[in-house]
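The structure under discussion appears below in the form of structure tokens.
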Amino acid sequence: MKNAFDRNKQLHINEIVKCGKDPVYFIENYCKVQHPTKGTVPFKMYDFQKDCVEQFIEHRFNIILKSRQLGISTISAAYAVWLALFYRDKNILVIATKLSTAVNFIKKVKKMIESLPPWLMISTFESNRQEVRFSNGSLIQASTTSGNAGRSEALSLLVVDEAAFISNFEELWTSIYPTLSTGGNAIILSTPNGVGGLYYDLYTAAEAKKNDFNPIKLSWDLHPERDQEWFEEQSRQLGSRKRVLQELLCQFIGSGDTFFQNEEMLWLTSLKSEASKDPDNKDVWVWKSPIQGHRYVLGADVARGDAKDSSTFHIIDVDSCEVVVEYCGKRTPDKFAELIDEWGRRYNNAIVCPEINSFGYMTCSMLKSKKYPRLYYMKAPKGRLDGYVPAAEEMPGFNTDLNTRRIALSKLETAIRRRKLRSYSSRLITELDTFIWEGEKARPMRGKHDDLIVSLAISVYVMESVYGEGSGDFVGDAILLSHISKSSRPLKEHDGSQPDLPEVK
């Protein structure tokens, strides 16, 4: 009997060690959840849920853009249980938009703990509606956005649920972020809620690799039990196309006065792909190398180099009508001219046209003094740039005024709407999300930028001025919305396709 007891004890010790090392193993084998129709059942995770837990371990800060009803709050509760049970003195805070949501999170935590076998309860606990305290010094507490829990205490883990719907999220984050400074982790999760706001800023910056957050995008089709019939039924229940796009397809949708319509933004999002970074300048993103015999255009927007605005340029392959290179960074106008000269020459002596207004005058002047071979002059007759001989004092570049800006933006809008021009850039999409109409003028929202939009508009203007609207291998108008909503990280093996949106009113 003693040997059998010792063997069981050793087996239990081995299991405890294994669970402590691997949260996925612990959750899969020992955590239980309350199913709405089946009662208490083992928590068998789907592949995308397991991947999320692994991301929580790998990255200190995670931000999740998710479809509805994917069980991510439950995953977060299970991860909190694992952390509090197997590690001493862990202070875990969950912030929710409503008290009922906060209480429900604690209910999930308690259900999981109470379902554990006695030998796995290596720490006892006591609880109330909004917290669970462990005898090993760990604490899991849930609070509403109006509460003060954790504001003055060092946190081991912060979970913010439905962050996009927290009206004072920026103020909340400012006050609570210092509590993570001792090494605490954060999981911020939400379905989209329009463009703008801190959650939107954090997620889009994470996608552009401009902050420390690891972005995870979870569309509805990652769930293996959901099919086209489920999608159509949910779409009917949601009732509006905008809600379908946001709550199922994880799209940040503007308020209706954005420069591009939702369909164009979805199409651009479907094209988005990872660029290779130039080893000498990480702000230069390259999708395709130069092809012998192809024609290229480079349009640029010039900033001072030490302020909030960035200098930008795009290189368009005229023959395939796609953006192959994009730059967005801080350079003084003279150094920016050197960069343009370098990349223009790389791409078969691309036609180069920086904006000449203000700081751009120095950039254009330096390119002229460098004898860059193919500079664009606005006085050149349409389609006859190569035969144009400028006057000695004439300067190249795009002279921006209300009229030329409107024309360039109109050409860009038409090229995207007709699916003529392909761009693969997440940075461009981020700017377009907050580029809106104010009366009859298109401009960025307060505090946002349009540097990439301007340089791309100039590029399109020059391309059509020199080569005409018929250039390039244009994509037809019959592009379906079947490629939308690719994850920022592939969370399961699938072809990335999506069903067509059903008709909803």
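Of the helices (runs of 4 or more DSSP H) entirely within the range 10-120, those holding at least 1 residues that are touching a Leu at 6+ places or on another chain (Cβ under 9 Å) and of a type in the set (A, V, I, L, M) occupy 72-86, 99-114. Taken over the range 109-133, residues that are touching a residue at least 40 places away in the same chain (Cβ under 8 Å) and either open to solvent by 70 Å² or more (accessible area, probe 1.4 Å) or in contact with a strand residue (DSSP E or B) (Cβ under 7 Å, 6 or more places away or on another chain) (or both) amount to 6. Which of the residues belonging to the range 370-389 are open to solvent by 40 Å² or more (accessible area, probe 1.4 Å) and at pLDDT below 90? Of everything in the range 370-389, those that are open to solvent by 40 Å² or more (accessible area, probe 1.4 Å) and at pLDDT below 90 turn out to be Met378, Lys379, Pro381, Lys382, Gly383, Arg384, Asp386, Gly387, Tyr388, Val389. Out of curiosity, is Met362 open to solvent by less than 60 Å² (accessible area, probe 1.4 Å) and in contact with a helix residue (DSSP H, G or I) (Cβ under 8 Å, 6 or more places away or on another chain)? It is false that Met362 is open to solvent by less than 60 Å² (accessible area, probe 1.4 Å) and in contact with a helix residue (DSSP H, G or I) (Cβ under 8 Å, 6 or more places away or on another chain). For Asn185, the stated conditions hold: it is out of contact with any Gly (no Cβ under 9 Å at 6 or more places or on another chain), farther than 27 Å from Leu266 by Cα and at pLDDT 90 or above. Residue check: Ile407 meets all listed conditions (1) within 26 Å of Leu339 (Cβ to Cβ); (2) within 39 Å of the chain's Cα centre (by Cα); (3) surrounded by fewer than 18 Cβ atoms within 10 Å (Cβ to Cβ) but one, namely (1). A residue that is under 21 Å from Leu432 (Cα atoms), open to solvent by less than 20 Å² (accessible area, probe 1.4 Å), of a type outside the set (S, T, N, Q) and outside any helix (DSSP H, G or I) cannot be found anywhere in the range 160-182. Scan the range 222-248 for residues that are more than 27 Å from Leu158 (Cβ to Cβ), in contact with a Phe, Trp or Tyr (Cβ under 9 Å, 6 or more places away or on another chain), surrounded by fewer than 22 Cβ atoms within 10 Å (Cβ to Cβ) and not basic (Lys, Arg) and the total you get is 5. Taken over the range 192-221, the residue count meeting the criterion of being in a loop (DSSP other than H, G, I, E, B) and either surrounded by 22 or more Cβ atoms within 10 Å (Cβ to Cβ) or of a type in the set (A, V, I, L, M) (or both) is 3.
Per-residue answers, yes or no, for (1) touching a Leu at 6+ places or on another chain (Cβ under 8 Å); (2) more than 21 Å from Phe398 (Cα to Cα); (3) buried (at least 18 other Cβ atoms within 10 Å of the Cβ):
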residue: Ser273; (1), (2), (3): no, yes, no
residue: Asp283; (1), (2), (3): no, yes, no
residue: Arg295; (1), (2), (3): no, no, yes
residue: Asp309; (1), (2), (3): no, no, no
residue: Ile315; (1), (2), (3): yes, no, yes
residue: Asp319; (1), (2), (3): no, yes, no
residue: Val323; (1), (2), (3): yes, no, yes
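I'm trying to understand the selection: among the residues of the range 422-458, which are touching a Lys or Arg at 6+ places or on another chain (Cβ under 9 Å), closer than 11 Å to Leu409 by Cβ and either open to solvent by 20 Å² or more (accessible area, probe 1.4 Å) or modelled with pLDDT of 90 or more (or both)? Selection gives Trp437, Lys441, Asp450, Val454, Ala457.
Applying the set (1) under 19 Å from the mean Cα position of the chain (by Cα); (2) assigned to a strand (DSSP E or B) to Thr312 leaves exactly one unmet item: (1). Go through Pro396, Pro373, Pro354 for me and flag whichever is more than 30 Å from Ser273 (Cα to Cα) and in contact (Cβ under 8 Å) with a residue 40 or more places away in the chain. Every option except Pro396 fails the conditions.
The values are calculated or read from the model by the stated rules, or taken from the named source; none is laboratory data. Fair warning: this is a prediction, and the values are worked out from it, not measured in the lab. For neighbour counting, all protein chains shown are included, and Cβ atoms are generated from backbone atoms with ideal geometry for every residue, glycine included. Ligands, DNA and RNA are stripped out before the accessible areas are found, and what is left, the full protein with its side chains, is counted by its heavy atoms. Shrake-Rupley method; radii C 1.70, N 1.55, O 1.52, S 1.80 Å.
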